[in-house]
Amino acid sequence: MFLLPALIINAAIILIPGLLTLAMAFCEWDGASAPSFVGLDNFRTIFADPVFFSALFNNVKWTLIFLTIPIAMGLVAAALLLVAKRGRTFFQVVYFLPVIIATVVVARVWQGMIYNPESGIVGWLKIYGLNLADPLTQPPTALYAVASVDLWHWWGFLAVIFFAAFRQVDAAQIEAAVIDGASFFQLLRFVLVPAIRPTITLMMIMTIIWSFLAFDFVYVLTQGGPAYASEVLSTLSYRYAFYNYTMGPAAAVALVICFFGLIATFFYVRVQQKEER
Amino acid sequence: MNQNLGRGTLLAAYVILAVAAVIALFPLSLMLISSVKKSTEIVANPLALPSALQWTNFVRAWTDAQLGRSLLNSAETTGFAVVLICSTCSLAAYALARGVGPGLRWVSAYFLGTTTLPIQLYLFPLYFGFAHLGLIDNVFALSLVYTAVFSPFAIFLLRTYFLAIPKELEEAAVIDGANRWQVFTRVLLPLVSPGILTVALISGLNIWNEFLISSTFLQSHDQQTAVVRFYTLGGQYSSDWGEIMAAAIIIVAPAVGFFLLMQRRFIQGMAAGSVKG
């Protein structure tokens, strides 16, 4: 009985529409007329769309970027916080500040104040003879420019999480390593990281899931452009649905995103079971 | 351990931590400085301090964008959703913490599973369903969507609080003649209130900042949330960045204020729930 209110709301908002999307992936629908069953046509449509594969590849790049750079930054910063006892709280608050700022605001600050060739840092560099274009408008750099913004927004979260995990590590173990003459990086590599491996694994799996869900920064900064250079699966799905009014392919792309989420969840459950044993 | 790692290491640690802090604060200080500069000053040198404080940027942001109205919409949506989340999820968390049986394991698995789903999986049918029922531009309907989206996080966080309460406490209350509902409201809820506060803060922050769902379901000018209104403010190049940054400050201020007041609770809650902002 106590479960019912939460379950009913959840089923009405997520489960039932989710199942409808599952059905819609096999139908043709423009959002207005009656849907008709078309079998696997929607999947043929998206697999024939070159943008689908570039978007998928962009998600893979995005995943690789976020599996390495912010996790490495977070681990190093967290370990340094362990060494530097004074000012810990200050640094944690500062690193966490970008995390709590709305993505749209973060995106506009970077767009206007940093990347913009007139009002931003990129424009200001012209005084020093560095003639850069807005990296968001150049196909080779657009995806990385967007990822950099998300990276700035995100890494502090990992630093704070890893620091919380490091503090649970047995202090005697750390001191023994230091007395044995371990350098900072040896300490990180051989004592700290192995001790919090479960936390790191969890964060990596969540990173994979979140990387395939990435939407806000891409949508606000480039809308997937220029020329689909920064398109990811979630923005492609949104484009199919609300720009082209083709619900079938939009649903098919959503299912592809789910597929990657499922794989990551599968590994997560496997890892958890391994640890329990 | 600091002596053993050496003074050099400690110095290097502080230098790196300080550099990271500068990276985190740099875009935010650009936002702050630019919000009180003329746009011609921003274009001339984005890094320079303003010649005179342009408070008119804030006045114009407030009146041009009608931020007051949209902030009220944000507050209403966030308020409704937070109340719904805290009430339905504390009930559900209690049921999951105390109940036994395979059914409940499936419910847990279902809630956990929904956190890995892309919003695009249920957004499109939900949008057309809401449009059919006349629920577009309805703040309460939007808060129902948020309730569903944030309920898994809230349930799992609150469940740990309920699990920490000894069963004997409930049994004693039952012996004293309390029924299950009275036990829940009079004995358990006061004990889990720190957890409820954490859930309210984290989900409130995320809903205040949320973009994709609110931009889809609140479309008319009068109903938009602050973040969506902010998004419509900036065109790519012909923008008045001073005014936009002033609007950014107004939107970000409540979130930052809450965070600085209760940063420990924010950080703990985000760490426990692993919510991607």
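The values are calculated or read from the model by the stated rules, or taken from the named source; none is laboratory data. All values derive from a computational prediction rather than experimental measurement. Using ideal geometry, Cβ is built from the backbone for each residue, glycine included, and neighbour counts are taken over all protein chains shown.
Scanning the range A:15-44 for residues that are under 26 Å from B:Y110 (Cβ atoms) and among the β-branched types (V, I, T), we see that the one that is farthest from the other protein chains (Cβ to nearest Cβ) is A:I16. Looking across the range B:240-270, just one residue is polar (S, T, N, Q) and in contact (Cβ under 8 Å) with a residue 60 or more places away in the chain, and that is B:Q268. If the condition is being over 26 Å from the mean Cα position of the chain (by Cα) and surrounded by fewer than 16 Cβ atoms within 10 Å (Cβ to Cβ), then the range A:42-70 contributes A:R44, A:A48.
Checking B:W106, B:W62 one by one, the residue that is among the aromatic types (F, W, Y) and without any contact (Cβ under 8 Å) to a residue 60 or more places away in the chain is B:W106 and no other.
Screening B:P118 with (1) outside any helix (DSSP H, G or I); (2) surrounded by fewer than 23 Cβ atoms within 10 Å (Cβ to Cβ); (3) within 21 Å of the chain's Cα centre (by Cα); (4) not hydrophobic (A, V, I, L, M, F, W, C) gives one miss only, at (2).
Checking each residue of the range A:24-36 against the condition of being part of a helix (DSSP H, G or I), among the small types (G, A, S) and either at pLDDT 90 or above or touching an Asp or Glu at 6+ places or on another chain (Cβ under 8 Å) (or both) gives no match.
Residue-wise test of (1) closer than 30 Å to A:A145 by Cβ; (2) in contact (Cβ under 8 Å) with a residue 12 or more places away in the chain.
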{"residue": "A:L19", "(1), (2)": "no, no"}
{"residue": "A:L22", "(1), (2)": "no, yes"}
{"residue": "A:A34", "(1), (2)": "no, no"}
{"residue": "A:F37", "(1), (2)": "no, no"}
{"residue": "A:N42", "(1), (2)": "no, yes"}
{"residue": "A:I46", "(1), (2)": "yes, yes"}
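Filter the range A:126-177 for residues that are of a type in the set (V, I, T) and in contact with a helix residue (DSSP H, G or I) (Cβ under 7 Å, 6 or more places away or on another chain); which is nearest to A:T201 (Cα to Cα)? The residue in question is A:I161. Here B:S29 meets the list (1) buried (at least 19 other Cβ atoms within 10 Å of the Cβ); (2) closer than 30 Å to B:T56 by Cα; (3) among the small types (G, A, S) almost entirely, failing just condition (1). Among A:I200, A:I100, which is modelled with pLDDT of 90 or more, buried (at least 16 other Cβ atoms within 10 Å of the Cβ) and within 30 Å of B:P46 (Cα to Cα)? The match here is A:I100.
How many residues does the range B:54-89 hold that are modelled with pLDDT under 90 and hydroxyl-bearing (S, T, Y)? Going through the range B:54-89 one residue at a time, the tally reaches 2. Across the range B:245-270, the number of residues qualifying as facing chain A (nearest Cβ under 8 Å) and aliphatic (A, V, I, L, M) comes to 9.
Filtered by the rule that a residue be free of Cβ contacts under 8 Å to residues at least 40 places away in the same chain and part of a helix (DSSP H, G or I), the range A:175-190 gives A:E175, A:A176, A:A177, A:V178, A:I179, A:F185, A:Q186, A:R189, A:F190. Only residues that are hydrophobic (A, V, I, L, M, F, W, C), more than 7 Å from every other protein chain (Cβ to nearest Cβ) and not in a loop (DSSP other than H, G, I, E, B) were counted across the range B:24-46, and they come to 4. For B:S220, are the conditions met, namely being of a type outside the set (K, R) and surrounded by fewer than 22 Cβ atoms within 10 Å (Cβ to Cβ)? The answer is yes for B:S220.
A single entry from A:A12, A:A107 fulfils the requirement of being crowded, with 21+ Cβ neighbours inside 10 Å, facing chain B (nearest Cβ under 9 Å) and hydrophobic (A, V, I, L, M, F, W, C): A:A107. In this structure, B:L11 does not satisfy being farther than 30 Å from B:Q223 by Cβ and either within 7 Å of chain A (Cβ to nearest Cβ) or β-branched (V, I, T) (or both). Does B:L233 meet the test of being surrounded by 14 or more Cβ atoms within 10 Å (Cβ to Cβ) and within 11 Å of another protein chain (Cβ to nearest Cβ)? Yes.
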